[in-house]
Amino acid sequence: MSIALASLLAFQSPLAAQDSAPISLENQVKIAFLYNFARFVEWPRSTFARPDAPVVLGVLGSDAFCAEMETMLQGKLVDTHPLEIRRLRSVEQAQLSQILFIGRSLQKDLARILGLLSGMPVLTVGDTDGFTSLGGMIGFRMEGNKVRFEINIDATQQGGLRLSSKLLSVARVVHTAPAGND
């Protein structure tokens, strides 16, 4: 069973907020992947001040997707860390996240955002074309009607992040120098 399917089956949260539209299957899968990324990434020891400090999943540029994440991931834990979803308005706020999802609406600013976060222990995830080639760490892509992802292993290593072999085995691994490091 795939990581995404297993985590979708494990969710007990409702798939839509009471007063909102149902969450699309594509977004459900992406959210399940984001949760599993948190479970299969190891951050530097200095990342968390306490064993129960939250894993912060920040969202830049996609309020609707953030609301869907809040619905699906409410009350979830990553090991001993509560998962906290935050809507962000600036890259500076993103530096306090362990995971940052960058929405499509920020595509024109993507190179600048990724350049500012380059080398930091922030797992950058996006769904725009060419995300990993610009220095993003994990990029979602569609293959037919299936959500897949690729991992820029060079960018993750530069950020001091260690990825589980289980995560790497289900990804397309690419080697691309992070933004700003020509």
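The values are calculated or read from the model by the stated rules, or taken from the named source; none is laboratory data. All values reported here derive from a predicted model rather than from experimental measurement. Cβ sites come from the backbone with ideal geometry, for glycine too, and all protein chains shown count toward neighbours. Surface areas here come from the heavy atoms of the whole protein model, side chains and all, with no ligands, DNA or RNA. Shrake-Rupley method; radii C 1.70, N 1.55, O 1.52, S 1.80 Å.
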*Given 0.36 nm per residue, what is the gain on full extension from ALA21 to VAL174 after removing their alpha carbon distance, in nm?*
51.5 nm
*Can you list the residues, at least 5 places off or on another chain, whose amide H is less than 5 Å from the amide H of LEU123, using H built in the peptide plane?*
ILE99, LEU100
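Taking 0.36 nm per intervening residue step and subtracting the Cα-Cα distance, what contour gain separates GLU42 from LEU77 on full extension?
The span from GLU42 to LEU77 would gain 11.1 nm if fully extended.
Send over a whole-number figure in Å² for the accessible area per residue of segment 34-176, probe 1.4 Å. Show your work: numbers first, answer last.
Details: 6790 Å² over 143 residues.
Value for segment 34-176: 47 Å² per residue.
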*asked:* Shape verdict for segment 96-182, please, from the Cα gyration tensor: rounded (a/c under 1.5), prolate (a/b greater than b/c) or oblate.
replied: oblate
*Counting Lys and Arg as +1 and Asp and Glu as -1, each charge on the Cβ, what is the dipole of segment 26-68 about the Cα centre in debye, to the nearest 20?*
220
*Hey, if you put +1 on the Cβ of every Lys and Arg and -1 on every Asp and Glu Cβ in the chain, which of ALA49, ILE23, ALA94 ends up farthest toward the positive end of that dipole?*
ALA49
*Could you work out the relative contact order of segment 16-111, using alpha carbon pairs under 8 angstrom and six or more residues apart, expressed as a whole percent?*
34
*Just grab the label-to-label distance for ASN145 and SER105, each label 7 Å out from Cα along the Cβ direction, in nm (one decimal).*
2.9
*Given +1 on the Cβ of Lys and Arg, -1 on the Cβ of Asp and Glu, and no further charges, what dipole in debye does the chain carry about its Cα centre, rounded to the nearest 20?*
220
